[in-house]
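This report refers to the structure that appears directly beneath it.
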Amino acid sequence: MRLGLFLNFEHGANDGAETIRTQIDLAVKAETLGFEELWVSEHHFNRFSQSGSILPLMAALAARTSKIRIGSAAILLPLHDPIRVAEDLATIDVLSCGRVDFGFARGGPFPIQYEHFSVAADESAEQTHEATEFLLRLLDEDYVSFQGRWYRSDALTTWPRIVQKTLPVWVASSTKETVIEAGRRGWGLMAGHGASPEKIAGLVETYRSAAPDKEADPNFVVLRNACIADDDQTALNLALPAIERFIRGMRPMFASKTPADAPVPAASIDGFLAQALIGSPETCRRKLAELCAAAPIGSIVLKQTWADPALNEEMISRFRTEVMPIAQDEPKEAPSRRAVQG
């Protein structure tokens, strides 16, 4: 199981420029600590999560690192021109000497993004499918002729060409039809921080139902909120301000009219904590072992769930040295995959 870091470029007490610099510095440190992957989010029109320009951020990470893989989690394809995305991804792949991982998604439950990019929300799934087909052909083929509803080309070749033979592909979706398509085509899957082991196991079974090899495991990337301390209560105390800040910060994305300073419902906090890797090293190892017992996990990707940037290096170092090497050897006492599915 690989270890990754999720970069949401969240704006805290510092200004946006400092936030971006701090996150990139953390990514560089993660590489030196042996992390294998970086995954960058895409969010628009939000002061809190300043990752609207996901591809330039990935390029900056490519320039500052040398070994760690750099992934999109995820590019919201209906909001982009696939031709431009093909050119940018290939350029970053060249700059990084072949370290790009391509994750894509429809766009999430964020009406403001569809509205201001002039995308019809009820057609976004169909548009995503067409954009994906066009983009992957541009990356893999020369002289691409394509006639779709939204995108067209005539014997088009984009430059530069990617360094890798083909870009690894992940899709961030739990929609049955999309997971079936991923299984059929051998794409990886991505699951968010709220996906339970049972949910992930179900997605694996759906994936296998469509895969040519019915025993094939998807290359599954799982995001988890993370915060570690010597004991569970200390970790919780460190995590709660970050969780509340995140919920408040993301409210505008849902076009919520809730005031920014309104109390965060306890149920929302409980939802974050249910699947999070928050606690002592022993607690984090146990939770991670339970997840691995329920479904095959390719990568566990940590999302920063502590508010103080001064803790950045200590947090990721402790997960790397005190949780990851041991969790994979923990006795797997969780229910079997069949039992989980009922």
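The values are calculated or read from the model by the stated rules, or taken from the named source; none is laboratory data. What you see is a predicted model, and the numbers here were worked out from it, not measured in a lab. Cβ sites come from the backbone with ideal geometry, for glycine too, and all protein chains shown count toward neighbours.
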Original post:
Checking Gly271 against (1) assigned to a helix (DSSP H, G or I); (2) free of Cβ contacts under 8 Å to residues at least 40 places away in the same chain, which test does it fail?
Top reply: (2)
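For Leu273, are the conditions met, namely being among the hydrophobic types (A, V, I, L, M, F, W, C), farther than 21 Å from Arg2 by Cβ and within 21 Å of the chain's Cα centre (by Cα)? Break it down stepwise before answering.
Values: among the hydrophobic types (A, V, I, L, M, F, W, C): yes; farther than 21 Å from Arg2 by Cβ: yes; within 21 Å of the chain's Cα centre (by Cα): yes.
Judged against the criteria, Leu273 is a match.
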Original post:
Which of (1) without any contact (Cβ under 8 Å) to a residue 60 or more places away in the chain; (2) at negative phi does Val169 not meet, given it meets every other one?
Top reply: (1)
Subject >> Which numbered condition Asp142 fails, given (1) of a type outside the set (A, V, I, L, M, F, W, C); (2) surrounded by 14 or more Cβ atoms within 10 Å (Cβ to Cβ); (3) assigned to a loop (DSSP other than H, G, I, E, B) >> reply: (2)
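Do you know which of the residues in the range 89-129 that are of a type in the set (D, E, K, R) and buried (at least 19 other Cβ atoms within 10 Å of the Cβ) is farthest from Ser66 (Cα to Cα)? Lay out the reasoning, then the answer.
Here is the first cut: in the range 89-129, the residues of a type in the set (D, E, K, R) are 93, 99, 101, 106, 115, 122-123, 126.
Right, trim to buried (at least 19 other Cβ atoms within 10 Å of the Cβ) and you get 93, 99, 101, 106.
Working: Asp93: 12, Arg99: 9, Asp101: 15, Arg106: 30 Å.
So the residue we want is Arg106.
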Subject >> Contacts under 6 angstrom Cβ, first residue in the range 148-165 being touching a residue at least 12 places away in the same chain (Cβ under 8 Å), partner surrounded by fewer than 17 Cβ atoms within 10 Å (Cβ to Cβ) and in a loop (DSSP other than H, G, I, E, B), 6 or more apart >> reply: Ala155/Tyr143; Thr157/Asp142; Thr157/Tyr143; Val163/Gly98; Gln164/Gly98
**OP:** State the number of residues belonging to the range 225-261 that are charged (D, E, K, R), modelled with pLDDT of 95 or more and part of a loop (DSSP other than H, G, I, E, B).
**Re:** 2
Original post:
How many residues are part of a helix (DSSP H, G or I) and either on the phi > 0 side of the Ramachandran plot or buried (at least 23 other Cβ atoms within 10 Å of the Cβ) (or both) if we restrict to the range 274-284?
Top reply: 1
Original post:
Can you name the residue in the range 31-70 that is free of Cβ contacts under 8 Å to residues at least 24 places away in the same chain and out of contact with any strand residue (DSSP E or B) (no Cβ under 8 Å at 6 or more places or on another chain) and is also surrounded by the most Cβ atoms within 10 Å (Cβ to Cβ) among such residues?
Top reply: Gly52
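Taking the conditions exactly as written (buried (at least 21 other Cβ atoms within 10 Å of the Cβ) and in contact (Cβ under 8 Å) with a residue 12 or more places away in the chain), does Ser196 satisfy them or not? Write out each step before concluding.
Working: buried (at least 21 other Cβ atoms within 10 Å of the Cβ): no; in contact (Cβ under 8 Å) with a residue 12 or more places away in the chain: yes.
Taking the combined requirement at face value, the residue does not satisfy it.
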